Every structure is written in structure tokens, then in C-alpha cells.
Amino acid sequence: MNPETQSDIAPETNETVEQCLDRLLAMHPTMRDRIYRQLIIYLCTKELITMGGIAEEARKRIGRPPGRVVDNPNESGAERLDEAENDAVKSLAREHAAKHLSASDIMEIVNFVLKREEAQNLADVVSLPNVSFRVLADRLERFCALPLGELHLDPSDLFGVRVNLARHFINDDLTFLGLAKKFVRIRDYEDITRRTIGSESRMGKIGGKAGGMFIAHRILDDAALDAGPDLPIAIPDSYFVRSDVTEQFLELNGLRAYHSQKYKNIEDIRNEYPLIRGVFRNSPFPVEIVQQLRSLIEQLEETPLIVRSSSLLEDRCSSAFSGKYASIFIPNQGKVEVRLRALLGAIGEVYASTLAPDPILYRRRHNLIDYDEEMGVLIQKVVGRKMGKYFLPAFAGVALSRNEYRWSPRIKREDGFLRLVLGLGTRAVDRVGADFARMVALGAPTLRPDATPLEIIRHSQKTIDVINLEENRFDSVTLPTLLAQGEPFPMLDKFVSVRREHELYTPAGRMLDAAPEDMCITFDKLLKETPFASRVQQMLQELEQSMGHPVDVEFACDGEKFYILQCRGQHQAAPSERVVIPENLPVEKIVFTANRYVRTAMIRNIQYIVYVSSDAYHSVESNDRRLAIARVIGRVNQALAGKKFILVGPGRWGSNDVLLGIRVSYADINNARMLIEVARERSGYVPEVSFGTHFFQDLVEDNIAYLPLYPDQDGNGFNSDLFLNTQNALAEIVPKDASFSDEVRIIHVPDVADGCRLQIAMDGEQERAVAYIG
């Protein structure tokens, strides 16, 4: 709070030091002795008096003999002052203050005493295990109402308060507490309390995602970093539905019984989840919470919002939960009651997502299944600006402090990695249809995995995610459609290159005279001619150093500010020793070879190959059948748990476009040892090397190797006979899915290879991989 707004200890015109002191003592009579004590300490620190000297001076003034000097270490070093001597010391302190100090100095001293008192009062309250939100918020507000002043409390005196505030408001994870103690100041929590949704008489936390964002911003703010000369760092306008609201919601609607879902088998969880999501989305909230959310909706007016999960388990270094819980965009257009209904439904859906298959299997995998899930909800204004009927940021993406996949020897793991997209960042973190994000190795930002202009054009972003304000929904549009709105797109010359015939050219200035159809989204000028890449690299390095582990940061930029949306720990793949590719293997022993996007790994003794051929998948006539194939893969994944198996399929595993790949989720692939994506030219399936997406982070975190195959390119081999003409074990392993034997094949390697198993050797240094029977 601004010190100028504090009138209770403001100086009066022409007020002397003693008048100022008397006035303040009268205002705070219970603090009289403490104010005098601090005045004496202040005079001593300024070397205007000494403690011993003023005591002797006081004795002399009231006619007492000098104090006895004690040399024996077993005795007290000085005699204790009596009441008369103490009064004399105070009188002398006043005189010294009048002689050497100003009225402003007196105000600083009194303010410091009041701060120390309020800090102790706050410490007493935050140490209570069951304090209510209102009691704690009021005590915090009293502390923050005091001017900052020039005299500061020792941070060591406040660390306990910081830790307990973090424990009450953010998370009780030890890593979070350590970071909050170091970087989040007491006054920062006042803003959180003003943006909190929840019962006054209860207490809950804002959760991991909100806490990670908040701490990351504090770290970068302290380091005075930015994303460019005109791109300061910020966080979006955010509001926090506390975790205790979840309990109120469950109690009100009798939904506690659903806690047992996490112990059911995965097929029941999957089948029952759509019903649970509908129940949660349409269940009522406590009246008090509805009133608070209605006030928020009225305050924010028709600004697009995103409702995001902020579980207490989320965004930890050991368990990131990347993309496991729901995040829902709300265009937030129309009448208040319509917008409120959409917000309540979105919060209910976030709550329901704790019971979805992916987070439950993830929790089982990480031994967190018995943890009582507490879900906070983060409501944020969507970063961006209006362009005609659309709303979107200029660009968005995800940045990783460690690059787990490197397509050139010039790229170093510790340099970091970036995925950039125009518009909303969904295309940077999700596996989308026939589209691509710009991949940036931050140590060599202009180095691309694509070699020719045609490849760059083919692998560029074609579709931009936006919020359609007129139709009140999430939408995806092309760049020409967006530019046809007739409003300027911020920084457009930094994001596009101009296509002329079969070449690409970077715009020379800010003005673009090319037709929108001739613009290709490359981000070349942003990466070549601005310090953006190096500034993001600095941010990542600062965050990694401060947090003590690699980080994964989601961000968005509206052209004026660079917004941190999320910061979590980045799981690192275990370092691999150099793998030597076997030479002179018999041709009949080779199953496949690869020479692009290879990461060093050795996968030994594979028992099963689960294979979906490009031709078989391409020939499927209905999307329902394609979705059913994904469910078959999920059941195979569960049936082969504990066995060594790999998944080999067309295009993009996990794609949200079933025409371009099998729409599996984490729960469908988490037991596999390796995921292989096959690009067949005749079928049009092109793997996207999805470094940095939530899907890819799952692979790294669970040590699932990844490899794209390009069988139709020169120099690569693929043993189609083994994949297509060997015995299919699907009916034996998952009898209920025998009718899918034409599309899904399970090859038991020892049965077709004389008892041998499959070995896959991958040498990232030489960009070579070979799978062979041995």
C-alpha cells in the first residue's frame, strides 16, 4: 500500500521531534515501552549513543552512583536498571532524538515497531492449524496497511510467517513451501485474498498451478527480466476458487461416493466418466459461492475467460500432471445469468476431471492414488485482444529449460526448447490435426529441422485457435480469415514469411504488401532480428536455477506484455550411455531402420509388437470405428501391463483428428515401452515430432521411448512381412476385441522369431536406429 495513504502517523506541519513522539505515543499507548526501546536501539545503530553510556548518564542525572563493573564471566555483565533509572533513560533518549533526529525518523521508528507487532500478531494467527479465511485475511490486511518505510524487518523474522501463509493459501508441498519462503513476500498474499472465491468461515488453498505461476512471476520480477525491449513480463488477471469449495460442492450434492472411482478397473472408469462429468457440470453450488461468482462475472464484464484446474498435486517436480485435468475456455458473452451458468458448469467439469481415466492412472503410476485429491480452480482472463469477431493472443507457446530431443549436434540439451504458435496456445501443448508448431532450439534459434522451403511450408502452422465472440465458442480459423476482419494483427511482420513461387522471404519492414494467402507462419523475423529467443532462454535459466530443477513454462503474448500462464517442473529423461548400432546384421533379422529424430536409447527384449497399419486404418469408413480402435488399444495396453511391448501406428498417436492418427490418451499407452509413428506417403500420414506437448511430456516422464518412421524414404527399412503376415494374437489377449483383428495386430515376437525377442538400438549422435531380432 502507498505510504502516502497512511494518515495515522503522517507528519503534521512544523511539528517538532518531541511533539511528533508525544503524539504517536498517545496514539499507541500500549506500545510506549516498545517505541522507547526501538528509539534507543536506533540511536545506538546510528552511533549517537551507547547502551552503557546512556545508562550511566541516567544514573548520574538522578544522583545514583555509577554501575558496578563486573569482570567475572559467571556474573551478569551489568546491573539491571530500576524504574527510576529506566524513566531517566527514556528522558535522555528524547533529548538525544530532539538533537539528532527528525520527525520523519520518529515516524519510521514507530512504524517499524507497529510492523513488528503486527508481524507477531500475524505469526500467531498463521500458526493456528484451523484458522478461518476471514480471520487470517483481516490480520494480513492489518499488517499490509502499514507503510513500507525505510526500516525493514529482518527476513529471518518473517520466514516462519511466509511458510505458514504459503501452507494456508497455496500448497503444503515442501518444495512449494521452500520457494514461497524465499520469493513470495507477505504483502503478495493480500492480493491473493482479494481475488479468492470461498467461504469466509472456511479455509482452502489455491493449488499447484496457481502457486507455480505466482512464484515464477515473483522470481522473474526480482531478476528484472523481460521478453524483449517492449515486452515486460506479467501474469494474467487471475481469480482463485479455493480447494475447500470442492468439499462444499461434494457435500451439497451428495457426490462423495464418487471418491471410490479411483479404485475401480480402468474400463469401468472410462465408461462411467461421461455420466460423472454430466452430473458434476449440472450440479448446484452453495449460494455463497454463486453470489461471489456472480459478482466476479459482473466485474469482468464480457471478457473471455479460461477456467483451469489447480490441484494440490499439480505442477510438482515429481508429478506434473501435464494436461491431465480439464481447462475450459469460456467466451463469456451475453447476459450475466448465461455467463454465470457457463462459469459454474466449467468449474463443475474441472472437478469432474479428477475422476477421468488419465489422472487416475497417472496417480496410480506415481503412487498417489490414496492421496485425498484437493482441487483448486484458477479463473483467468484470456490473454489477447479483439480482432473483429475473434479474440486471441498474438502468439503463445511452451518453453522448456531442457531440450530432450535434438535434431542437430549443434543443439545442446541445457540450451532449452520452445514451441511457438499464433493465437491461443492450445496448438502448442496439444496434438492437433494436420498442423505444426514452430520448434525452436534456444541455443540456435534459427536452426530448423526442415531443410527446404517446401518442407518449411509443409510443416508450418495453417490454423489458428481463437475465441469466436459472435458465436460464443472456441474456434479455429486460417490466417486469411483472421486478417479479413480488417484489424491490424500485432507484430505480424515478426511472425510470417512471404511465399513467392517456391521460396520464402522475411518481410523487410513492418508493412506487408503480400496477400494473406501468400503468408507462411514461420516466426523467422522474431527469432532472427529480435532478442526474444535469448531473453526466453535467460528466463528459463533463472527459473531453473532459482527453483532447483528444470522447468516447463506456458506463456502467451498480446503484443504488449509477455504473460506467464504456468510454470511446473520438467521431468528429465534418464541420461543414456552411448548406444552402438550393430553392424552387418542379416537382412532377415532387421525389422525396421530410421534416420530422423532419433534419441539415444536401448530397448531390450521386447515381447510384443502392437501394430495398426496405415492402410488398414485409412480404409476404415467411419469415425466411430476409428474411435473404437483407440479403445481397443487401451484394453490391449491394460492386458499387456507388466509385459514388454511397443505400439506402432499410423501418423500421430494421440491426435485429436482421428483421420490423422489414433486418438489415444495417457490411459491407453502408459504401459508401453515405446511409441512409434509410421509415415506412409501413400496414406498421407505425417508424424509431428511433438516435443514439448503434454503428450510428449508424458512419454518422457514415464520413460516411454519415441521414434518416427519414414519407411518410404531412401535409406530406411521396414519389414512389412513381419508386421502383416505373422500370427495375430489379439483374439487370445483381448478376446472381446477379436472383431478388430483386421485393424489391430498383436505380434508375439518369440512365436514368430524362434524364441528370440525384439531389440531396438537408437544412437542419437549418429541419428540412426535399428530394430532387430536377437
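Points to keep in mind about this one:
- For the chain, calculated [θ]222 nm from helices alone, where every DSSP H run of n ≥ 4 adds -39500 (n - 2.57): -11000 deg cm²/dmol
- Model label sites at ASP721 and TYR263, defined 7 Å from Cα along the beta-carbon direction, differ in position by 5.3 nm.
- Test item: Cα-centred dipole of segment 486-618, Lys/Arg +1 and Asp/Glu -1 on Cβ, debye: 500
- Mean-position separation - Cα centroids, segment 344-368 and segment 89-129, in angstrom: 50
- Segments 614-624, 561-571 sorted - mean Cβ within 10 Å per residue, highest first: 561-571, 614-624
- At an R0 of 30 angstrom, the distance between the Cβ atoms of GLU529 and VAL580 translates into a FRET efficiency of 0.10.
- Computed on the chain, the Cα convex hull volume stands at 222 Å³ per residue.
- Put simply, when 365-371, 34-40, 708-714, 109-115 are sorted by average Cβ atoms within 10 angstrom per residue, most first, you get 109-115, 34-40, 708-714, 365-371.
- Charge-dipole axis of the chain as Lys and Arg at +1 and Asp and Glu at -1 on Cβ define it, positive-most pick from LEU454, MET107, ILE521: LEU454
- Computed label-point distance, nm, for sites THR426 and ASP751 using a 7 Å Cα→Cβ extension: 4.2
- Of every Cα-Cα pair in segment 588-717, the percent that sits beyond 24 Å: 24
- Solvent-accessible area, 1.4 Å probe, carbon plus sulfur percent, for the chain: 48
- Which of ALA234, MET27, TRP407, positive extreme of dipole for the chain (C-beta unit charges): TRP407
- Full extension of the chain segment joining ARG458 with ARG473 gains 2.5 nm, where the gain is 0.36 nm per residue of separation less the Cα-Cα distance.
- Segment 400-523 shape via C-alpha gyration tensor axes, a/c threshold 1.5: oblate
- The chain, accessible area per residue, ligands and nucleic acids excluded (1.4 Å, Å²): 42
- Loop-resident sites, segment 208-311, for GluC sites (Glu not before Pro), counting at most 16 other Cβ within 10 Å (DSSP): GLU301, GLU302
- Each label was represented as a point 7 Å from its Cα along the Cα-to-Cβ direction; for ASP370 and LEU153 these points are 3.9 nm apart.
- One decimal place: the segment GLU200-GLU141 gains 19.8 nm when fully extended, by the rule 0.36 nm per residue minus the C-alpha distance.
- Highest to lowest packing among 406-418, 274-286, 662-674, scored as the average C-beta count within 10 Å: 662-674, 406-418, 274-286
- Cα-centre dipole for the chain with unit charges at Cβ (Lys and Arg positive, Asp and Glu negative), debye to 20: 980
- Around PRO331: net Lys/Arg minus Asp/Glu count, Cβ-Cβ under 14 Å: +1
The values are calculated or read from the model by the stated rules, or taken from the named source; none is laboratory data. None of these values were measured; they are calculated from a predicted model. FYI the Cβ positions are ideal-geometry reconstructions off the backbone, even for glycines, and counts take in every protein chain you see. Only protein heavy atoms, including side chains, enter the accessible area calculation; ligands, DNA and RNA are left aside. Shrake-Rupley method; radii C 1.70, N 1.55, O 1.52, S 1.80 Å.
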